[in-house]
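Coordinate-derived values only; no laboratory data. Values in this document were obtained by computation on a predicted structure and should not be read as measured data. As a convention, Cβ positions derive from the backbone with ideal geometry for all residues, glycine included, and neighbour counts pool all protein chains shown.
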Amino acid sequence: MAQQPSGFAVTCPSPSTPATTPGIRSILFALMLAIFLSALDQTIVAVSLPAISSQLHDVELLAWVISGYLVAMTVAVPIYGKLGDLYGRRRLMLTGLALFTLASLFCALAQNMEQLVLARVLQGIGAGGMVSVSQAIIGDIIPPRERGRYQGYFSSMYALASVAGPVLGGLMTEYLSWRWVFLINLPLGIAAWLVARRTLRGLPTPQRKPVIDYLGSMLMIIGLSALLLGITQIGQGHALNDRPVQWLLGIALLSLALFIAYERKAIEPVLPMHLFASRSAVLCWITVFFASFQSISLSVLMPLRYQTLTGSGADSAALHLLPLAMGMPLGAYCAGRHTSLSGRYKPLIVSGALLMPLTIMGMAFSAPQDVLLTSLFMILTGIATGMQFPTSLVGSQNAVQAKDIGVATSTSNLFRSLGGALGVALMSALLLAMLQDTGIGHMGAGSLGGEGQSGNALLDSLNASSGPALEALRAELAVTFRQLLMVSAAIALLGLAAALAMPNQMLRGRE
């Protein structure tokens, strides 16, 4: 039997309990529903942005309908992780679900863009708890050797949300109203709250007196918020020498430096610095960072590449991502099963990290018109991503003490979010820079359309051309995207280096 968390009173199912017991299944259902809801609201809203802009008559703040949610969720994740270690995860899960559901109602009732953005920020704060606490709960009740399978189930929820989100959002916006994109969360959120309230009663409860690190939490919130806002600005076409970007990055650097210095002396730090002394945990987080860098940036670049080079519509571009979404749960499931049998996570992480640059290079040299070949490389890229995400999370949880599982889990999610944000920003900025040397360099900033842009300058420029001029532009774009994917493959080698440097440890749990 796995060692129980020190400082906890435990009445939950034993970590050695078979995975098929009704108690584990009920808990798993509640956690998977919470993960699905948080992931769904990252994808379902995007297709509704034009309708939202048209009804609320505001384009300036439209980008923050998505960015506000993502920034708030990312910043909230480490806070929930620490509070879960201090107060117990059931209370934090119920709080996150309740806030998310209530904020969804506020989103649906918003009468102007300011109200909608504020409600989305509150929704993101609730979603941060749902993501962080769900994965930490698995760490409480399942021994490390068995966790890979369960984290694979969570990966399937992300994949399902990435496919179902755009479809549901489009249908509800077309036939009902954009407000139903948020109203759908009410019955699902209430159901998840009721199930969680009933099934999570026996979770471990801390027996130590909680001490809140208020100053550390404030410094981290300011630093991460400024960092993510600065990265978002860069991804939307702003240059590094723009004054707002420089201010944001400067505030982030100062706040995070003060945060690190203060956390070294804090009695109960929100992010204990001793965790970074664990080589295994740090390398797992770095691997997650680069895996997320690739998967999120590719999910933005590949549909754009497909649309611009083939002339297809947004619906076809969304379907073009389906192989990538299908590969992730497949890789996560296979890696989880193998990890459970072998007890070692490094071989799976290294295999995924090695496969990643190879498949990205394959996509770089395959024409988007060759649907079969491109789909093969995309599903392999999804498998490579799935092999790294849950396995690295389990590895980081295995590398820390039981009392720090919540913080280790939230830190893994933080690196995952930062990797995705930086990936989109860096690759978007690089594409814009590359386009300056082509025949469509006059487009300027914002050519990726992206979050909140009601029109896509790159697609508009292509639609305005025809005949030989259009073919010449597409030929230039094909070379640009190939070079961009080659850069992406080179960056993926950094993730491979981290995976190779990782200690080959045995997971605790079943002997």
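Structure data summary
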| read-out | value |
| --- | --- |
| Compactness of the range 18-211 - radius of gyration and Dmax, Cα, Å | 17.0, 55 |
| Among 84, 61, 123 - extreme Cα towards positive end, dipole of the range 18-211, charges at beta-carbon | 84 |
| Distribution of pairwise C-alpha distances over the range 213-267, 10 Å bins, in % | 28, 44, 21, 7, 0 |
| Derived scalar couplings ³J(HN,Hα) [the range 390-399; Karplus, 6.51 cos²θ - 1.76 cosθ + 1.60; whole Hz; x for Gly, Pro] | x, 5, 5, 4, 5, x, 5, 5, 5, 7 |
| Cα gyration tensor, the range 125-176 - rounded (a/c under 1.5), prolate or oblate | oblate |
| Inter-centroid distance (Cα atoms) of the range 312-374 relative to the range 464-507, Å | 14 |
| Residue 257 paired with residue 171, simple spin-label distance in nm, labels 7 Å along Cα-to-beta-carbon | 5.3 |
| Test item: Cα-centred dipole of the range 33-172, Lys/Arg +1 and Asp/Glu -1 on Cβ, debye | 580 |
| Listed peptides 93-99, 165-171, 241-247 by packing density, highest first (mean Cβ within 10 Å) | 93-99, 165-171, 241-247 |
